[in-house]
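The values are calculated or read from the model by the stated rules, or taken from the named source; none is laboratory data. Just so you know, these numbers come straight off a predicted model, no measurement behind them. Cβ atoms come from the backbone with ideal geometry, glycine included; neighbour counts cover every protein chain shown.
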Amino acid sequence: MPVVAWAAPAGQGRPLAYWPPESGFFMPLSAADIIAQLATLVGPAAVIGAPEQMGNYLNEPRKRFHKGAAAIVLPASVSEVQAIVRWANEHGVGLIPQGGNTGLVGAQVPLRGDEVIISLTRLDTIRSVDPAAGTMTAEAGVILENAHKAAEAQGTIFPLWLASQGSARIGGLLSSNAGGVNVLTYGNARELTMGVEAVLADGRLYQGLNSLKKDNTGYDLKDLLVGAEGTLGIITAATLKLFPKPEDYETCLVNIVGPEAALTLFQLLRERLGGRLNAFEIVPALGLDMQLRHAMLDRDPTAGPSPGMR
Ligand SMILES: Cc1cc2nc3c(=O)[nH]c(=O)nc-3n(C[C@H](O)[C@H](O)[C@H](O)COP(=O)(O)OP(=O)(O)OC[C@H]3O[C@@H](n4cnc5c(N)ncnc54)[C@H](O)[C@@H]3O)c2cc1C
């Protein structure tokens with residue numbers, strides 16, 4: 001069976017080469033052919049072929065990767081994603097799924113320069129929110145902050161919070177198994193995901209949206225797709241776990257002398273508070289000082305300096 005290549009996560013080498021179908025190697029398409037053929041699948045307005053218009057998709061946050069792309073394609077529906085993947089598989093074109101382009105390891109941008117970025121940003125519908133079942137089904141392109149708002153409008157929370165939440169999207173967060181600041185209580189994205197819908201390498205749709213908590217059937221393909229960084233398929237939607245919204249939060253800053261003291265404090269708080277402790281972070285003095293120096297904080301929120309830590 002022909003298998004289309006996905007971009008491997010950075011640090012794991014180059015993207016997989018194209019595995020040829022039974023008939024032999026692919027005749028590479030020119031960039032112009034790629035753009036023209038994609039336009040027949042999704043319409044010309046959903047294909048970016050001009051390098052000067054690709055900046056938002058190619059420039060990743062750390063500016064470490066500087067390759068171009070053959071094209072950027074922006075499907076508007078699951079069936080368009082399927083058509084693109086099927087076409088890429090037939091022609092041996094490398095596809096790189098992209099969400100909010102906030103990943104810090106460059107896995108959402110090309111490594112060679114002849115790949116097509118498939119941006120999921122237009123699949124941004126929240127299909128349903130069910131506070132009674134504690135679930136939300138959101139498409140891959142939903143911005144995390146919008147998922148938060150939809151959950152909170154129903155008196156619930158989707159407890160994945162991180163600094164990129166205004167741009168990062170559900171498909172990218174799941175594909176990188178993101179953690180965020182509340183990982184201690186609620187777990188990584190994998191633990192917050194009940195089911196996944198994904199387009200597989202040959203264009204078939206894996207329909208694994210599931211909201212049954214006591215599901216003990218068969219293999220858990222969802223757990224494979226989450227954290228796969230697009231290597232096993234393109235996530236198009238996911239069923240996410242919602243939690244009751246806490247009535248209130250208390251935040252406390254404690255000066256400590258070092259990491260050992262932090263662990264002792266953590267153990268104590270866990271014993272006393274159990275599941276009510278939902279975040280615990282060490283802020284090194286260096287980080288706080290930098291914020292003060294650059295006026296990101298107007299005053300030192302701690303009681304005073306502690307040696308090396310706060
Ligand atoms: C300021 C900042 C703070 C951050 N803080 C944290 C943090 O506290 N904890 C943490 O875990 N991470 C953190 N991150 C990184 C975080 O993992 C990413 O921001 C986020 O998870 C990626 O989402 P995205 O939509 O931007 O995905 P992208 O960057 O677009 O893509 C990330 C990966 O997922 C793949 N991908 C994207 N969409 C799909 C899809 N639909 N199907 C299959 N594969 C797909 C891409 O190919 C790539 O491999 C931070 C990033 C920034 C910039």
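What do you reckon, is A303 modelled with pLDDT of 90 or more, more than 27 Å from the chain's Cα centre (by Cα) and either assigned by TED's automatic domain parsing to the domain that holds K149 or of a type in the set (G, A, S) (or both)? Against the criterion (modelled with pLDDT of 90 or more, more than 27 Å from the chain's Cα centre (by Cα) and either assigned by TED's automatic domain parsing to the domain that holds K149 or of a type in the set (G, A, S) (or both)), A303 does not qualify. Looking across the stretch 99-127 at every residue that is farther than 24 Å from A151 by Cα and assigned to a strand (DSSP E or B), the one that is nearest to the chain's Cα centre (by Cα) is identified as S119. Of all residues in the stretch 147-176, how many are within 12 Å of the ligand (Cβ to nearest atom) and not in a loop (DSSP other than H, G, I, E, B)? Matching residues across the stretch 147-176 total 8. Close contacts from the stretch 80-100, counting a first residue that is touching a residue at least 40 places away in the same chain (Cβ under 8 Å) and small (G, A, S) and a second that is within 11 Å of the ligand (Cβ to nearest atom) and not in a strand (DSSP E or B), with Cβ to Cβ under 6 Å and a gap of 6+ residues or different chains, come to G94/P15; G94/E115; G99/L120; G99/G171; G99/G172; G100/S167; G100/A168; G100/G172. If you check G287, G275, G304, G227 for being more than 30 Å from P97 (Cα to Cα) and either touching a Ser or Thr at 6+ places or on another chain (Cβ under 8 Å) or surrounded by 15 or more Cβ atoms within 10 Å (Cβ to Cβ) (or both), only one passes: G275. If you check L162 against the conditions, is it assigned by TED's automatic domain parsing to the domain that holds A238, crowded, with 23+ Cβ neighbours inside 10 Å and at pLDDT 95 or above? Answer is no for this residue. Among the residues of the stretch 86-104, those that are of a type in the set (G, A, S) and in contact with an Asp or Glu (Cβ under 9 Å, 6 or more places away or on another chain) comprise G94, G103.
Here I143 passes the criteria (1) within 16 Å of the chain's Cα centre (by Cα); (2) in contact (Cβ under 8 Å) with a residue 60 or more places away in the chain except the one numbered (2). If we scan the stretch 179-200, do we find a residue that is within 15 Å of the ligand (Cβ to nearest atom), assigned to a loop (DSSP other than H, G, I, E, B) and more than 26 Å from L277 (Cβ to Cβ)? Yes, the conditions are met somewhere in the stretch 179-200. Of all the criteria given as (1) modelled with pLDDT of 95 or more; (2) under 29 Å from S176 (Cβ atoms); (3) crowded, with 16+ Cβ neighbours inside 10 Å, the one not satisfied by A39 is (2).
Conditions (1) surrounded by 20 or more Cβ atoms within 10 Å (Cβ to Cβ); (2) modelled with pLDDT of 95 or more, marked per residue:
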| site | (1), (2) |
| --- | --- |
| A8 | no, no |
| P21 | no, no |
| P51 | no, yes |
| K63 | no, no |
| A76 | no, yes |
| W87 | yes, yes |
| I96 | yes, yes |
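For the stretch 203-222, residues that are at pLDDT 95 or above, away from the ligand (no atom under 14 Å from the Cβ) and surrounded by fewer than 18 Cβ atoms within 10 Å (Cβ to Cβ) total 2.
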